[in-house]
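No value in this document is a laboratory result; all are computed from the given coordinates. Just so it is clear, the structure is predicted and the values come from calculations on it, not from any experiment. Because the Cβ atoms are built from the backbone with ideal geometry, glycine has one as well, and the counts that use them run over all protein chains shown.
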Amino acid sequence: MNVECPYCNYENDLTDIFDNGVPGDNKIDWECQKCDKEFEIYVEFEPTFSASEIVYEKCEICETVVRDICKKGSIYPYPKNTPATQICRKCWQKEILKP
């Protein structure tokens, strides 16, 4: 991947940037490999799209069918005194607040 220097229009090789990762603010100061002037590079990422089925599951307490189920072992903390292994968010909130 290359980027053009805004001062001399030289195409700088950016391979080294991706070897060390991209900073959290997606901005990198870079020194031109030809004219040695420093400039700022903005790293932009294009969104990628994918699709998956919506999975609806039944809450073992209230029997409501929801797509965002709380499963024992995949959410922390999980209510200790609940025998159910998958519950809806409302039941999770009620159960987690029980003494």
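Some values worked out for this structure:
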quantity	calculated
Inverse mean reciprocal Cα-Cα distance (Kirkwood Rh) of the chain, Å	18.3
V65, V3 arranged by Cβ crowding within 10 Å, fewest neighbours leading	V65, V3
Label zone at R89 (point 7 Å along Cα-to-Cβ), backbone N below 18 Å, the stretch 39-61	54-61
Over the chain, relative contact order from alpha-carbon pairs under 8 Å, at least 6 apart, %	16
Cross-link reach list, lysines versus K72, counting only Cα pairs under 26 Å and skipping chain neighbours closer than eight places	K58, K80, K90, K94, K98
HN-Hα J in Hz across the stretch 60-73 - Karplus 6.51, -1.76, 1.60, θ = phi - 60°, x for Gly and Pro	6, 9, 9, 6, 6, 9, 9, 9, 10, 8, 9, 9, 4, x
Check: the chain dipole with +1 on Lys, Arg Cβ and -1 on Asp, Glu Cβ, in debye	1440
